[in-house]
Amino acid sequence: MEAVNSLLWFRKCLRLHDNPALEHACRNSRHLYPVFVLDSWYLDPDPTAFSPGSARAGVNRIQFMLESLDDLDCSLKKLGSRLLLFKGDAADVIIKLLKRWNIGKLCFEFDTEPYGLNRDRKVKDFASSAGIEVLSPVSHTLFNPEEIIQKNGGKPPLTYQSFLKLAGSPQLSIALPPQKLPSLGDFGECDLMSVPRINELGYGNLRQEEFSPFRGGESEALKRLGELLNDKEWVACFDKPKGDPTALSKPATTVLSPYLKFGCLSSRYFYQRLLDVYKNVKNHTSPPVSLVGQLLWRDFFYTVGFGTPNFDQMKGNRICKQIPWNEDDALFVAWREAKTGYPWIDAVMVQLHRWGWVHHLARHAVACFLTRGDLFIHWEKGRDVFERLLIDSDWSINNGNWLWLSCSSFFYQYHRIYSPTTFGKKYDPDGNFIRYFIPVLRDMPREYIYEPWTAPLDVQRKASCIIGKDYPRPVPVIDHASASHDCKRRLAAAYTLNKKTNNLVSEEEIDLLRRNLEQDQTKASSNKKRKV
């Protein structure tokens with residue numbers, strides 16, 4: 001068989017280890033063109049966004065991606081190649097390169113997200129018409145989501161246990177990193193780029209200390225994985241519901257999620273290494289709480305997201321409860337900008353802005369507070385904030401988690417609510433996490449750090465923090481107990497309506513329910529004032 005020019009299109013799979021697309025591209029290849037496109041859709045600056053960055057991502061995640069590209073370029077150079085970087089509409093750029101370089105084989109990792117599927121379809125259609133071989137192996141997940149859905153009669157499984165039953169054990173063939181690569185071909189007159197610095201992308205004047213403490217790249221991912229696996233007891237005893245969300249110097253989890261998101265670390269390779277550890281320990285935790293269980297959760301959400309139309313919204317999403325969420329922009333902005341007046345909630349949101357990462361239990365707490373716990377704001381608005389700010393923001397997992405935490409899908413025990421004052425205190429009674437991220441509260445006494453509005457005025461003065469002036473009073477104006485009680489009342493009414501209509505609730509019915517609930521709340525408030 002005659003050798004051809006191959007184009008390897010990097011997107012998320014930013015690594016050399018366990019990269020089946022790379023393995024396919026190298027076979028019978030005369031020249032190999034490793035390409036990454038800085039997609040305008042993802043990276044173009046958006047000065048109207050609430051934080052620096054593009055319309056799709058904040059600077060922390062973009063910085064992480066650039067570091068990952070830089071690391072990938074260095075790895076390719078060690079093998080006598082390099083990363084060929086371009087900027088523009090990704091599909092249009094790839095199609096132009098296929099024509100220009102006389103490509104006979106195109107390889108890229110299979111993508112499950114709506115934008116990626118549409119982008120890839122456009123490229124595949126051109127390649128097919130041009131007689132170019134296309135290989136798109138599944139390697140971002142442990143299983144092929146299409147196969148799981150086919151096994152389930154064309155629909156995605158909607159519970160973790162049903163997913164596990166269908167999926168079974170992954171049959172993995174881990175691709176080894178290459179020892180050498182086919183030579184680069186002639187670029188012609190292409191305008192090649194080097195990996196840009198983030199200040200060159202038009203997001204304004206940014207300082208290096210503004211970025212996340214977690215650095216991107218395959219090298220960093222494998223280093224972190226190696227350090228993690230050295231502590232076999234910790235790996236064996238990992239229990240997802242547990243862990244300290246307030247830990248600062250060493251987060252109480254792996255922090256490997258951003259590396260999995262960008263494919264700097266293969267989930268398949270991670271899974272195999274975990275099994276190696278389990279073979280050499282006496283006892284270990286099991287799914288769903290184990291580390292293997294977490295990788296399986298990841299595949300579960302990928303499968304449901306891939307097989308559910310409108311998975312990222314409430315309307316038109318068959319598996320999502322239709323709920324008359326509040327539309328209070330002031331409350332939403334207070335949450336987003338860490339100005340709720342609840343120090344535990346605000347400290348987590350400051351960490352999110354600054355680090356681009358927070359512990360999973362902290363994510364649960366602020367998501368619950370925004371939606372079903374206190375503010376009753378639409379989960380899509382919170383999802384958008386996480387999607388922008390998290391370095392590990394992953395379309396399927398982010399949407400799945402917000403559906404879950406808002407009790408819109410998957411999880412329906414809406415009476416179980418995280419307290420914005422006592423939950424963090426369980427792990428950090430001295431409030432050191434709050435003091436670190438909210439310096440104005442640094443000198444607030446221990447007994448008031450989670451509820452500073454209860455501190456006497458002389459205590460506030462001594463702490464140099466006057467509530468309502470130096471730090472906001474809590475929102476909403478009613479207390480957490482009243483707010484959470486009202487949220488439960490609203491969700492109970494919404495659940496009743498969804499059950500009555502078999503989850504086929506019209507917009508008119510949602511609007512009517514919202515008005516009725518607001519009227520009931522107004523009456524209740526009036527009656528309460530009369531009694532007082």
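The values are calculated or read from the model by the stated rules, or taken from the named source; none is laboratory data. The structure presented is a predicted model; accordingly, all values stated were derived computationally and were not measured. Cβ sites come from the backbone with ideal geometry, for glycine too, and all protein chains shown count toward neighbours. For the accessible areas, the whole protein counts, side chains as well, though only heavy atoms, and no ligand, DNA or RNA atoms are used. Shrake-Rupley method; radii C 1.70, N 1.55, O 1.52, S 1.80 Å.
Which values of log₁₀ I(q)/I(0), to two decimal places, follow from the Debye formula for the stretch 98-234 at q = 0.14 Å⁻¹ with a uniform point scatterer at every Cα? Log-scaled intensity ratios, in q order: -1.19.
Ellipticity at 222 nm from helices only: DSSP H runs of n ≥ 4 in the chain, each -39500 (n - 2.57), divided by the residue count, give -14000 deg cm²/dmol. Compared with the dominant Cα axis of the chain, that is its longest principal axis, helix 507-531 is turned about 30°. With no solvent and one point per C-alpha, what does the Debye sum give as log10 I(q)/I(0) for the stretch 375-492 at q = 0.12, 0.19, 0.23 Å⁻¹? So the normalised log intensities are -0.59, -1.14, -1.24.
Placing unit charges on each Cβ (+1 for Lys and Arg, -1 for Asp and Glu) gives the chain a dipole about its Cα centre, and among Leu497, Leu97, Gln460 the Cα reaching farthest toward its positive end belongs to Leu497. The C-alpha atoms of the chain define a longest principal axis, and helix 90-100 lies at about 10 degrees to it.
A simple packing score, the average count of other Cβ atoms within 10 Å per residue, orders the peptides 94-105, 278-289 as 94-105, 278-289, with the highest score first. When only alpha carbons are used to place a centre, the stretch 1-51 and the stretch 359-389 end up 33 Å from one another. Summed over the residues of the chain and divided among them, the accessible surface reaches 45 Å² per residue at a probe radius of 1.4 Å.
Between Ala236, Gly217, Leu206, the Cα set farthest toward the positive side of the dipole of the stretch 206-342 (charges on each charged residue's Cβ, about the Cα centre) is that of Ala236. Counted over the chain, the DSSP beta bridges are approximately 10% antiparallel. Of all alpha-carbon pairs in the chain, indicate the percentage at a distance above 43 angstrom. Roughly 22 percent, once rounded to a whole number. Normalised by residue number, the volume inside the convex hull of the Cα atoms of the stretch 1-95 is 96 Å³ per residue. Annotation: the antiparallel percentage among DSSP beta bridges lying fully within the stretch 29-177 is about 20. Our coupling estimate for the stretch 2-9, obtained by passing each phi through the Karplus curve with A = 6.51, B = -1.76, C = 1.60 and θ = phi - 60°, is 6, 5, 10, 7, 10, 10, 9, 9 Hz, Gly and Pro reported as x. Each residue of the stretch 189-205 is assigned a 3J(HN,Hα), and the resulting list reads 9, 5, 8, 6, 10, 9, 4, x, 7, 5, 5, 8, 9, x, 9, x, 7 Hz, derived from the Karplus form 6.51 cos²θ - 1.76 cosθ + 1.60 (θ = phi - 60°), x at Gly and Pro. A viscosity of 1.567 mPa s and a temperature of 4 °C, combined with the Kirkwood radius over Cα pairs in Stokes-Einstein, give a translational diffusion coefficient for the stretch 223-325 of 83 µm²/s.
For the stretch 345-388, the Kirkwood estimate of the hydrodynamic radius, built from every pair of different alpha carbons, is 10.4 Å. A Förster radius of 41 Å combined with the Cβ-Cβ distance from Lys99 to Lys223 puts the calculated FRET efficiency at roughly 0.55.
Globularity index of the stretch 22-149 is 1.15 (Cα radius of gyration / 2.2 N^0.38 Å, N = number of residues). Pairs of alpha carbons in the stretch 49-110 separated by more than 13 Å make up 75% of all such pairs. Quick one: helix 379-389 against the long Cα principal axis of the chain, what's the angle to the nearest 10°, folded into 0 to 90? Roughly 50 degrees, rounded to the nearest 10.
In summary, the lysines within cross-link reach of Lys261, defined as a Cα separation below 23 angstrom excluding same-chain residues under 8 places away, comprise Lys12, Lys87, Lys223, Lys240, Lys242, Lys250, Lys381. Suppose R0 equals 51 Å. What FRET efficiency, 1/(1 + (r/R0)^6) with r the Cβ-Cβ distance, do Asn280 and Ser482 give to the nearest 0.05? After rounding to 0.05, the efficiency reads 0.45.
Looking at the stretch 10-53, the trypsin sites (Lys or Arg not before Pro) that sit in a DSSP loop and have at most 16 other Cβ atoms within 10 Å of their own Cβ are Arg27.
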